[in-house]
1. Among the residues of region 37-71, count how many are surrounded by 15 or more Cβ atoms within 10 Å (Cβ to Cβ), in contact with a helix residue (DSSP H, G or I) (Cβ under 6 Å, 6 or more places away or on another chain) and modelled with pLDDT of 95 or more.
2. Among all residue pairs at least 6 apart or on different chains, which show Cβ distances below 6 Å where the first residue, located in region 41-70, is within 22 Å of residue 28 (Cα to Cα) and the second is assigned to a helix (DSSP H, G or I) and modelled with pLDDT of 90 or more?
């Protein structure tokens, strides 16, 4: 979350911060869309067996909408392969 301007969890020190990461949900910036929060929450799921797969990330509404927005600035609709590589490459 540092790339978003700071940690997504609060803690007065390293021990409290680690404890917060393990037990609390991040505090999302107010400007995040519901789809962005949903995707990030699924990607950061503490239970690895329930975490979203890369194939589902690629089909998530937030990603699909961002691809659509990018394609509006281009002459042609981008193919999934152009953005993500051949099918199964990251699965």
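1. The number of residues fulfilling the criteria is 4.
2. 52/42; 52/43; 60/39; 61/35; 62/35; 62/36; 62/39
The values are calculated or read from the model by the stated rules, or taken from the named source; none is laboratory data. Note that the structure is a prediction, hence the values are computed from the model and not measured. Cβ sites come from the backbone with ideal geometry, for glycine too, and all protein chains shown count toward neighbours.
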